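In what follows, a single structure is set out as structure tokens and then discussed.
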Amino acid sequence: MSQSIYRTGLALLIGFVIIALALPYWQVIRANDLVGDPRYNRYRLNEIENSSERGRILDRNGVVLASTEMTPNGARRTYSMPALAHVTGFHSAIFGDSDIEKAFAPYLQGQEGADPFKAMFDRLLHRPTVGSDVVLTIDSKLQAVAEEAMGSSKGAAVVIQPKTGEILALVSHPYFDPNTMEKDWDKLKNDPGTPMVNRATQGLYVPGSTFKTVILAAALDSGVTNPDEIFDFKMETDSYGRAYHLESFNGYEIYCANHGMTSPGRAQLRLADVFAQSCNIAFARLGVRLGSQRLIEYAKRFGFETQIPLEIPDLPSQLSLKPGFLNDNAAVAATSFGQGQLQASPLQLAMVAATIARGGIAPQPFLVSEIRTGKYSTTVGQPKQWHEVVSPTTAREVADMMVHAVDTGWAKGAQVSGVRVAGKTGTAEILPGETPHGWFIGFAPEDDPQVAVAVIKEYAGPGSTEAVPVGKAIIQAALGK
Amino acid sequence: MSMRFLSKAYKNQFQGKGHPDYALMGIIAILLVLGVDMVYSASFVIAHNSPLYHSDTYFLVRQMLWVGIGVVTMLVLMQVDYHKYQRFTVPGMVVIILLLFVVIATRLGHSAYGAQRWLSLGPLPAIQPSEFAKLVLILYLSNWLSRRGERLKDLSNGTIPFAIMLGLITGLVLMQPDLGSAFVIALSAVCLFFIAGADLKHFIAGGIAGTIALVMLALTEAYRSQRIAAFLDPEQDPLGVGWHIIQSNIALGSGGIFGLGLGASRQKFYYLPSAHTDAIFAVIGEELGLLGTMAVIGLFALLAYRGYKATMKAPDSFGMLLAAGITSWITFQALLNIAVVTSTVPFTGITLPFVSYGGSSMLVSFAAIGILLNVSRHQVGFVPEKNRNKGAEPAIKSVRARSAHLSQAE
């Protein structure tokens, strides 16, 4: 009899083991999907609002960007720098959360934090939880400088520390005031200036000549050109007396007057000069030599067609709107000088500058560095390489030519005395008769990069006069010059 | 050997005057504290909102009342020598069969959730005869099996009468209809039959027949086959039969490791059906997390361990079978309840002993534990503390020597 009792006990033990395994499956492994199930919308916002003090959002130097005050009418969230609305996002009982307020809500609300036991005891004992603070990589002083330099123009600026990937400033103009957003919602939503759109990460623009940096890097890295190549042009004079060159690519005629020449005749320019002068024909030639396959491959390595990993929403930049567009050499030629069907975000172009600055390896950009709970802190974002794009040699050659563009070319306006600044301008044509977008991308100092930028001013005019001064102001402020 | 040569201490054990298993009482006490807490937490929403109940504490008060009645029952039955039940097992069985018939046959049955499991008799609280059937059948079978001895291995003297009795009771419980209880009753009875020394060939053949019967039952009743389909893929009918499963999974998942905190369940707000009865374990998972659910499993595992320990030390085969039957039943019912909540087996309504809300279930579980505690007072091989240093030998050394000894002592 005793043996059969042992056996019965053993059978029941197996039952216990099975359910003891089923529980961690539901409560640990599947917990996140179950809480994320759209049917699980049991969070009563008021309950959480009243039982927790939402954490603050701080800049890299501890400046408070968002904090919650308790008033007799309930909790009120205040934002000290509305210009950062597109980074901090908003926190609203009516419209929900956005950006960092949304992505880090569990930390800000205190459900998760740097001290796991505190959250557990708070929950078990029903103590009001104090949310954790979220520390950003943003430098609010640099942000203010970039903001001021942009003036009232529409557009965006992205500033990255190229060695680490930290985003130091993120400007999107116009912006909204998250302090009064609930009241202004209808007005903001119908505003033709679209202040609720984050242009820095979700604005897609024709990149213009800044894209030549991508083509230059691809052409050098794949060996279809070298820094000593001489480009030959036969210049003519048009009815206005300007020296120009005309060349046809599969029936697509490109007119180019960007050679720094004033008289007709034979022109011979080095690769560095065609880049500094931003010659469309030279880049169309390079693009055709590369061929659509390699062009697409290199652009993708720089981040085109993929979503760049970031804590706030961003859109992938695009090489073409229709599939198969680049099968035609005319389209390849147009794409190579930054037109065609290209669509790029300011974040993407800042990443191009940061990748060249970092020696051909793209850093992974991030906005949040750590979470602070009382005296504890946890590192959330840290310097990481995203992926390799071009060889270090290629990156060095491209960087030299970007310095050349600032020293002698269209990007002259970005010169800062005593610093080797690398840059490239862009003037993106939209439709005939419309004022083009002005672009600037660059980094400095060339020998020890501390800052990489991308600036766009929408419908403002040439990059050299519109965007370059903003880029220069940001570089100066970042380097303390 | 006769009784007068045995030590006084041994005689105390034999007569059921030793101390009861305090560890077992402790386990039950912890389960009760947890259960009453959780019943209140899981039921106050329904109690508050429904005009039927008037008060937030409607279920809490009733549960505490039943716990009080249950504790008294347990303390009384703990004192009653379990051998005294032997005489009443047959009349008890007759009464329970009648009650089960009454529920099915008469309009006295007051239906809830589409089933007729309750029986209202005048001003008395409604009772659920299928709960009482569990204990009565275990008492009956323990007595019957212990008297069969070797004849048990015989087909016509052992297996067939057993199968008829089991078929009758489970059939009646199934007609309540209460598949969960029928399953628990059948499994506990089969456990007893196995422990009592059934013929292995008959046992396996019976197991196969039982499985076939279960499959037939599941397929013939539309709601049962729907539950099986929902178990396999709850998303097919997420608002219908899949609802229970999805909501209890969400409850467990949202509790995570540490839980949302006592009283903080969100699933009890009409999302989780039967939150304070059959699904109480899901609320424990949501409020107390993996730590809480693992603790409950641990408590039931300890209960099983202490129960089987008392079984091994029981002085005669009736006591052994009684203790084994009660332990297997309570453990099996807890396992089945938790397996349903964790979607390990298809849905069936069954309470979690000592934790779920429910008067009949609470009272019967307490009565059973009272009997088990009395069995634990009749330990063999016990040496009182004061005699241990004097090198006193235990009166009977092994379990195997016991039956021989008992036949001589009688």
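The values are calculated or read from the model by the stated rules, or taken from the named source; none is laboratory data. The model shown is predicted, which means the values in this text are computed figures rather than measured ones. Virtual Cβ from ideal backbone geometry, glycine too; neighbours counted across all protein chains shown. To get the accessible areas, we keep the full protein, side chains included, count just its heavy atoms, and leave off ligands, DNA and RNA. Shrake-Rupley method; radii C 1.70, N 1.55, O 1.52, S 1.80 Å.
Figures for the structure shown
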{"quantity": "Filter pass, A:SER248 being open to solvent by 50 Å² or more (accessible area, probe 1.4 Å) and in a loop (DSSP other than H, G, I, E, B)", "calculated": "no"}
{"quantity": "Top-ranked residue in region B:296-308 [being touching a residue at least 12 places away in the same chain (Cβ under 8 Å) and under 21 Å from B:SER248 (Cα atoms); ranked as surrounded by the fewest Cβ atoms within 10 Å (Cβ to Cβ)]", "calculated": "B:ILE297"}
{"quantity": "Check on A:PRO449, assigned to a loop (DSSP other than H, G, I, E, B) and at pLDDT 95 or above", "calculated": "yes"}
{"quantity": "Which listed residue, of B:ALA209, B:ALA196, is among the small types (Gly, Ala, Ser) and either more than 10 Å from every other protein chain (Cβ to nearest Cβ) or closer than 18 Å to B:THR348 by Cα (or both)", "calculated": "B:ALA209"}
{"quantity": "Checklist (1) within 9 Å of chain A (Cβ to nearest Cβ); (2) touching a residue at least 40 places away in the same chain (Cβ under 8 Å) applied to B:ASP178, failing item", "calculated": "(1)"}
{"quantity": "Criterion: within 30 Å of A:ILE100 (Cα to Cα), surrounded by 19 or more Cβ atoms within 10 Å (Cβ to Cβ) and under 24 Å from the mean Cα position of the chain (by Cα) - qualifying residue of A:LEU315, A:LEU347", "calculated": "A:LEU347"}
{"quantity": "Where A:PHE233 falls short, out of the listed (1) surrounded by 22 or more Cβ atoms within 10 Å (Cβ to Cβ); (2) of a type in the set (Phe, Trp, Tyr); (3) assigned to a helix (DSSP H, G or I)", "calculated": "(3)"}
{"quantity": "Residues satisfying the stated conditions in region A:453-481, i.e. open to solvent by 10 Å² or more (accessible area, probe 1.4 Å) and in a strand (DSSP E or B)", "calculated": "A:LYS457"}
{"quantity": "Failed item, numbered, when B:ASN143 is tested on (1) open to solvent by 40 Å² or more (accessible area, probe 1.4 Å); (2) farther than 30 Å from A:ALA20 by Cβ", "calculated": "(1)"}
{"quantity": "Cβ pairs under 9 Å, 6+ apart, first in region A:199-222 and free of Cβ contacts under 8 Å to residues at least 60 places away in the same chain and closer than 14 Å to A:ALA299 by Cα, second outside any helix (DSSP H, G or I) and open to solvent by 10 Å² or more (accessible area, probe 1.4 Å)", "calculated": "none"}
{"quantity": "Cβ pairs under 6 Å, 6+ apart, first in region A:389-418 and among the acidic types (Asp, Glu), second open to solvent by 40 Å² or more (accessible area, probe 1.4 Å)", "calculated": "A:GLU397/A:PRO227"}
{"quantity": "Scan of region B:264-283 for residues that are open to solvent by 30 Å² or more (accessible area, probe 1.4 Å) and at the interface with chain A (Cβ under 10 Å from one of its Cβ atoms), ordered by number", "calculated": "B:PHE269, B:TYR271"}
{"quantity": "Residue list for region B:349-402, restricted to those being in a loop (DSSP other than H, G, I, E, B), of a type outside the set (A, V, I, L, M, F, W, C) and at pLDDT 65 or above", "calculated": "B:GLY349, B:THR351, B:PRO353, B:SER356, B:TYR357, B:GLY358, B:ARG377, B:HIS378, B:GLN379"}
{"quantity": "Selected residue [surrounded by fewer than 22 Cβ atoms within 10 Å (Cβ to Cβ), at pLDDT below 90 and under 26 Å from B:SER356 (Cβ atoms)] from B:ALA105, B:ALA112", "calculated": "B:ALA112"}
{"quantity": "Residue among B:GLY207, B:GLY263, B:GLY240, B:GLY253 that alone is at pLDDT 80 or above and not in a helix (DSSP H, G or I)", "calculated": "B:GLY263"}
{"quantity": "Cross-chain or 6+ apart pairs with Cβ under 7 Å, region B:24-38 first and assigned by TED's automatic domain parsing to the domain that holds B:VAL67 and touching a residue at least 12 places away in the same chain (Cβ under 8 Å), then buried (at least 19 other Cβ atoms within 10 Å of the Cβ) and outside any helix (DSSP H, G or I)", "calculated": "B:ILE28/B:PHE354; B:LEU31/B:PHE354; B:LEU31/B:VAL355; B:LEU32/B:PHE354; B:LEU34/B:VAL355; B:GLY35/B:PHE354; B:GLY35/B:VAL355; B:MET38/B:VAL355"}
{"quantity": "Number of the condition not met by A:GLY55 [criteria: (1) modelled with pLDDT of 85 or more; (2) surrounded by fewer than 13 Cβ atoms within 10 Å (Cβ to Cβ)]", "calculated": "(2)"}
{"quantity": "Scan of region A:70-121 for residues that are aliphatic (A, V, I, L, M), more than 30 Å from B:LEU291 (Cβ to Cβ) and open to solvent by 20 Å² or more (accessible area, probe 1.4 Å), ordered by number", "calculated": "A:MET70, A:ALA75, A:MET81, A:ALA93, A:ILE94"}
{"quantity": "Residue list for region B:199-244, filter: more than 27 Å from B:SER274 (Cβ to Cβ), open to solvent by 50 Å² or more (accessible area, probe 1.4 Å) and either among the small types (Gly, Ala, Ser) or more than 26 Å from the chain's Cα centre (by Cα) (or both)", "calculated": "B:LYS201, B:ALA205, B:ALA209"}
{"quantity": "Residue check for A:GLY203: under 17 Å from A:SER153 (Cβ atoms) and in the same structural domain as A:ALA284 (by TED's automatic domain parsing)", "calculated": "yes"}
{"quantity": "Residue within region A:110-127 that is closer than 28 Å to A:LYS183 by Cα and at pLDDT below 80 present", "calculated": "yes"}
{"quantity": "Any hit, region A:281-298, residues being in the same structural domain as A:LEU310 (by TED's automatic domain parsing), more than 22 Å from A:THR335 (Cβ to Cβ), surrounded by 15 or more Cβ atoms within 10 Å (Cβ to Cβ) and without any contact (Cβ under 8 Å) to a residue 40 or more places away in the chain", "calculated": "no"}
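Conditions (1) basic (Lys, Arg); (2) over 27 Å from A:GLN339 (Cα atoms), marked per residue:
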site	(1), (2)
A:THR379	no, yes
A:VAL390	no, no
A:THR393	no, yes
A:VAL403	no, no
A:LYS424	yes, no
A:TRP439	no, no
